[in-house]
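Report on the structure given below.
The values are calculated or read from the model by the stated rules, or taken from the named source; none is laboratory data. Values in this document were obtained by computation on a predicted structure and should not be read as measured data. With ideal geometry, Cβ positions are generated from the backbone for all residues, glycine too; neighbour counts draw on all protein chains shown. We work out accessible area using only protein heavy atoms, side chains counted, and drop any ligands, DNA or RNA first. Shrake-Rupley method; radii C 1.70, N 1.55, O 1.52, S 1.80 Å.
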Amino acid sequence: MPLELDIVVFTDTPRDLGADVETQVHRYHPDPRALAFQHRRLFVERAHLYDLFVYSEDDVLLTGKNIVAFLDVASSLPTDEVPGFLRYEVSPNGHRFYPDIHSGYHWDPGSVSTHGDLVFATLTNPHSGCYVLTQAQLRQCIQSGGFDVGPHRGRTDVLVSAATDPYVRCGLEKRLCITRLREFEVHHLSNAYVGRMGVDEDVLGHQLRAIGLIARGDLSYHQLLPRTPTLESDWWEKAYDEPLSDETYAAIPSTSQDVLLVGTGSGQGEQRLVTSGRRVTGIPLDEIVGQVGASRGVRQLGSHPDVALDALQGHGEVFSTILILNLLHHLEDPVTLLRRLTPVVAAGGVLVVATPNYRYYRFRRALGRPSPPVPGWSGQHRTGVHDAGPRAVEMWMVAAGFVPTRRIYQFRGRPQGSRFSRWFGSLFSAGAVVSAQLPTRPDPALAPSGRRC
């Protein structure tokens, strides 16, 4: 560290860490993770004594290089924007993984901006296990009233809240410097998520190149989903790298060779279709993840569904299967999207929709079993999602002109078609797959004279 430092460690048991380390012991809280909030009071009391205030979990390696890069870049941003850090992990073969880009967390294409010769973008996951604030930014956090608070859960857990409140509750925005991203990467020393959660450096490379194209104006952008999540839990966010379940794969006819996937992500699920020999076309969730899907063999259309579907219809393209994975309930008007899809469904083609089953989670909560909070019936305009389930999807299909033909509940270890599946699927299945077709349209030229057909 090329800087003068004062180090304070918070612990629940006395420890001797040397004369140059101040140790504060806190034992009163029943949850030891509450220690992560103890630095807040310290920062408030010493707000006038330091130029920088650094918080870090005990397994995140912040180096002098990171701090110097922060100081270099901070002056390029507005006062309410803070240079942030991105955690990485290292596999046994030396490959880097980035665990904070997972599930529904993604780059916001609308946030891409340039300041001088630097490109910045926002990752919707504010967590990196650490943060750095200037004295002025800390004062802004304190004045907001959201900083000097007790331990609490946010959309995830106590530890994440401790490391993200400056961005979530205090009015600051975490910005990642794409141009110098390596200098803002911090090692998550536990390497706990390697190969299990997040993206590897190859996938991140495709995403960063797409961000660069957006910054230069060479790539337009649109998002199928809103930028800011409104749900109380990140459990329900649309996954940007969603695998294709066995139930969903089984719902696609074996004879179907042309598949249109609405809402493609990084291509994990789509790749299973590509490797099976099918031609996969995608309307991406956004152009950044679309670039990753394209590298995995998915032909990508623009992420604006109206423009993409108009182009397909203009060229007379039709598909034997249209696939939508856990997306419809996030849209403000799912019926309109389904109606727009009808002209590109081939004769005899199928629509396959995977959906969560909120009834299952409500049932678990009623039994006192562990379950994430369910969005409830307050409506998409408030929570960001519709009350989802196979029955709701079938109603949307019917309203759009489709005829539901099959419902498959997603079980583990239960054969489809069993009595248990038919009788108790809605209560014991976390999700379902619904299939539908368009009714046969009679040719008006063949209608009997004088009759309406």
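One decimal place: the segment residue 65-residue 143 gains 25.1 nm when fully extended, by the rule 0.36 nm per residue minus the C-alpha distance.
The residue among 372, 192, 178 whose Cα reaches farthest toward the positive pole of the charge dipole of the chain, with charges on the beta-carbon of Lys, Arg, Asp and Glu, is 372. Around the amide H of residue 264, modelled in the peptide plane, lie the amide H atoms of 283, 285, all under 5 Å away and 5 or more residues distant in sequence or on another chain.
Using a 10 angstrom Cβ neighbour count of at most 10 plus a DSSP loop assignment to flag exposed chymotrypsin sites (Phe, Trp or Tyr not before Pro), which longest range of the chain is free of such sites?
Value returned for the longest uninterrupted segment is 29-376.
In degrees from 0 to 90, rounded to the nearest 10, what is the angle of the helix 135-144 Cα long axis to the longest principal axis of the chain? The helix 135-144 is inclined about 60 degrees to the chain. In this structure the amide hydrogen of residue 199, modeled in the peptide plane, comes within under 5 Å of the amide hydrogens of 98, 101, none closer than 5 places in sequence on its chain.
Once the other residues with Cβ under 10 Å from the Cβ of residue 6 are scored (Lys, Arg +1; Asp, Glu -1), what is the net sum? Walk me through the numbers before you get to the answer.
On the way: positive: 46; negative: 4, 20, 22.
Neighbourhood net charge equals -2.
Between the listed residues 351, 43, 337, the Cα displaced farthest toward the positive end of the dipole of the chain, a dipole computed from Cβ unit charges relative to the Cα centre, is found at 351. In this simple spin-label approximation, residue 339 and residue 180 carry label points 7 Å from Cα along the Cα→Cβ vector, and these lie 5.2 nm apart. When DSSP beta bridges are restricted to pairs lying wholly in segment 1-149, around 70% turn out antiparallel. Relative to the longest principal axis of the Cα atoms of the chain, the long axis of helix 390-400 makes an angle of roughly 60 degrees. Note on the chain: dipole from Cβ charges, positive end direction compared against 159, 312, 144; the farthest Cα belongs to 312.
Give the relative contact order (percent, whole number) for the chain; include only Cα pairs under 8 Å separated by 6+ residues. Write out the running numbers ahead of the final one.
Values: 820 pairs, mean separation 54.4, N = 453.
Taking the mean separation of contacting Cα pairs over the length of the chain, I get 12 percent.
On a per residue basis, the chain carries 48 Å² of accessible surface, using protein heavy atoms and a 1.4 Å probe.
Do any trypsin sites (Lys or Arg not before Pro) in segment 1-67 lie in a DSSP loop with no more than 16 other beta carbon atoms within 10 Å, and if so, which? Intermediate results must be reported in sequence, preceding the final value.
Values: sites: 15, 27, 33, 40, 41, 46, 65; in loops: 15, 27, 46.
Those that pass, being in a loop and sparsely packed, are 15, 27, 46.
Grab the beta carbon distance between residue 42 and residue 93, set R0 = 51 Å, and tell me the FRET efficiency rounded to 0.05.
Efficiency for this residue pair is about 0.80.
Rounded to the nearest 20, the size of the Cβ-charge dipole of segment 28-82 about its Cα centre is 180 debye, with Lys and Arg at +1 and Asp and Glu at -1.
Give the percent of DSSP beta bridges with both residues in the chain that are antiparallel, rounded to the nearest 5. Intermediate values should be presented prior to the final figure.
Values: 30 of 59 bridges.
DSSP beta bridges in the chain are roughly 50 percent antiparallel.
The length gained on full extension between residue 306 and residue 79, counted as 0.36 nm times the residue separation minus their Cα-Cα distance, comes to 77.9 nm.
Round to a whole number: what % of the accessible area of segment 1-79 belongs to carbon and sulfur, probe 1.4 Å?
52 percent
Applying both filters, DSSP loop and at most 15 other Cβ atoms within 10 Å, to the trypsin sites (Lys or Arg not before Pro) of segment 189-221 gives 196. Placing pseudo-labels 7 Å out from each Cα toward the beta carbon at residue 192 and residue 29 gives an inter-label distance of 1.7 nm. Report summary: the helix-based calculation at 222 nm, which adds -39500 (n - 2.57) for every DSSP H run with n ≥ 4 and divides by the residues of the chain, gives -8500 deg cm²/dmol. Using a 10 Å Cβ count of at most 14 others and DSSP loop calls, identify the longest part of the chain lacking such GluC sites (Glu not before Pro). Counting at most 14 other Cβ atoms within 10 Å as exposed, the longest clean stretch of the chain is 5-331.
Cα axis of helix 158-168 to longest principal axis of the chain: angle in degrees, 0 to 90, nearest 10? On a 0 to 90 degree scale, this one is about 90.
For the chain, what is the charge dipole size about the Cα centre, in debye to the nearest 20, if Lys and Arg each add +1 at the Cβ and Asp and Glu each add -1 at the Cβ?
On the way: 45 positive and 48 negative charges, 492 e Å.
Dipole size: approximately 2360 debye.
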